[in-house]
Amino acid sequence: MSVEVMEEEWLYSEEQVRALLEWVRGQGGVERSVYPFVCLVAEQALRPGEARGLRVSDVDVPVHGWGKLTVGSSRTAREVPLKPRLVELLREWISEAGLREKDLLFPGRGGHSLSASHYQRVWERAQEAVLPRDERYSWRLGEPISILRETCLVNWLQAGVSCIAVAELAGVTPSWLAMRYPYCFRVGEAVIDWDQLAELMALPESPKS
């Protein structure tokens, strides 16, 4: 299986992600569902297509504490925990928009699925407004919104979250993560955990000293 490496220099810093989300939130002239949609992609590492397909019935947003969302079809569904901050955001959004259980969580005009071309235009404007536009960084403008998912996955891995857990949350395999983000698995001079590597890459049993 060939997987293209996502170079670390393409990813956004936490400050840039925060500024991009703030910019989107401040745009009163766009469809209101764009901001919570972008937040879910950025903070829960959802694929944009997955987020567009969510319905209100797919999310559990209790009054207090963590919630969860169910992503995918019944055959390939996975559960993703929701941070309390996102639970509050989604609960307020559902109430404000008057959404019912069977409604799309992020409807576009006329209650139809949020238009990819529409949220991409908003996203491109956010990039132009927030990201550095000097010669060194101008090439990053125009990246698709999925770069937020990529950034979130790398942040989880670099924060020490198990690659097994990250793979389950993202709906990918651990080996895909290792090939996509190899810099997250460098060990330098540290002692290699052969058991973890064996599980990750489906290698033979750990070598014995």
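What the table shows:
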{"read-out": "Estimated vicinal HN-Hα couplings, Hz - segment 157-167 in sequence order (Karplus 6.51, -1.76, 1.60; Gly, Pro = x)", "value": "5, 6, 7, x, 5, 3, 4, 5, 5, 4, 4"}
{"read-out": "Longest to shortest principal axis, alpha-carbon extents of segment 54-132, angstrom", "value": "37, 29, 27"}
{"read-out": "HN-Hα J in Hz across segment 92-106 - Karplus 6.51, -1.76, 1.60, θ = phi - 60°, x for Gly and Pro", "value": "5, 5, 4, 5, 4, 7, x, 7, 10, 3, 8, 6, 4, 5, 10"}
{"read-out": "Over segment 6-103, volume per residue of the alpha carbon convex hull, in Å³", "value": "121 Å³"}
{"read-out": "Segment 84-123 - charge dipole about Cα centre, Lys and Arg +1 at Cβ, Asp and Glu -1, debye rounded to 20", "value": "160 debye"}
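Throughout, read-outs are computed from the coordinates displayed, never taken from laboratory work. Since this is a predicted model, take the numbers as computed values, not measurements. For neighbour counting, all protein chains shown are included, and Cβ atoms are generated from backbone atoms with ideal geometry for every residue, glycine included.
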